[in-house]
Amino acid sequence: MSGFLDNCQWPNCECLQLGERRNSVASIVSGVLFFSGWWIIIDAATIYPDQHDFLHAYHTCGVISTVAFFFINSVSNGQIRGDAYTTGCMGTTGARVWLFIGFLLGFGALIAASWILFGAYVVHKPDGVPDWPGIAVFLQNALIFISSLIFKFGRTEDLWG
């Protein structure tokens with residue numbers, strides 16, 4: 001039963017074969033998603049500058065998500081596998097712990113953004129408070145998290161030579 005999908009293959013789509021442009025495309029897509037996340041939250045902050053509609057403390061999730069982006073992408077896949085980094089104070093274990101902390105920060109920011117959306121703007125919404133700031137906080141963190149995943153796993157280190 002363990003190999004019942006061994007003979008199944010996805011159809012080969014030549015339009016998705018990026019070759020040497022893979023790193024460029026992944027970087028551009030990741031950058032556009034990251035920019036869009038911050039653009040959405042800046043839009044919500046300018047439309048609703050009042051603390052009653054949009055608490056400024058909700059920007060913390062986006063900052064933590066941005067820090068997680070840098071944590072996740074500051075270690076290479078070679079450092080995680082142990083191919084490229086064996087020295088230092090903690091070696092491969094330190095790189096793996098660093099990546100794990102980055103993913104914890106990213107997931108934590110996304111969960112906090114979900115809590116802000118549903119806790120402050122869906123379930124306990126006061127009269128006259130718009131929905132857009134809560135949606136913007138969630139979209140910002142979701143787009144930054146997706147951006148960090150694309151930037152981490154969408155590129156290949158074989159083309160860095």
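The values are calculated or read from the model by the stated rules, or taken from the named source; none is laboratory data. Source: prediction; values computed, not measured. Because the Cβ atoms are built from the backbone with ideal geometry, glycine has one as well, and the counts that use them run over all protein chains shown.
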**Message:** in contact (Cβ under 8 Å) with a residue 60 or more places away in the chain and either touching a helix residue (DSSP H, G or I) at 6+ places or on another chain (Cβ under 9 Å) or part of a helix (DSSP H, G or I) (or both): which single residue out of Ile41, Ile64 fits that description?
**Reply:** Ile41
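Here is a yes/no grid of residues against (1) hydrophobic (A, V, I, L, M, F, W, C); (2) in contact (Cβ under 8 Å) with a residue 24 or more places away in the chain; (3) surrounded by 20 or more Cβ atoms within 10 Å (Cβ to Cβ); (4) under 21 Å from Gly37 (Cβ atoms):
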| residue | (1), (2), (3), (4) |
| --- | --- |
| Gly108 | no, yes, no, yes |
| Ser114 | no, yes, no, yes |
| Gly119 | no, no, no, yes |
| Ala136 | yes, yes, yes, yes |
| Leu143 | yes, yes, yes, yes |
| Ser147 | no, yes, yes, yes |
**Asked** If a residue has to be surrounded by fewer than 15 Cβ atoms within 10 Å (Cβ to Cβ) and among the polar types (S, T, N, Q) to count, how many in segment 61-76 make the cut?
**Response** 1
**Prompt:** So Asp6 fits all but one of (1) surrounded by 16 or more Cβ atoms within 10 Å (Cβ to Cβ); (2) at pLDDT below 80; what number is the exception?
**Reply:** (1)
**Prompt:** What is the one condition in (1) surrounded by fewer than 17 Cβ atoms within 10 Å (Cβ to Cβ); (2) small (Gly, Ala, Ser); (3) at pLDDT 95 or above that Ser27 does not satisfy?
**Reply:** (3)
**Request:** Inspect segment 32-51 for any residue being touching a Leu at 6+ places or on another chain (Cβ under 6 Å), surrounded by 12 or more Cβ atoms within 10 Å (Cβ to Cβ), of a type in the set (Val, Ile, Thr) and farther than 15 Å from Ala136 by Cβ and give the result as yes or no.
**Result:** no
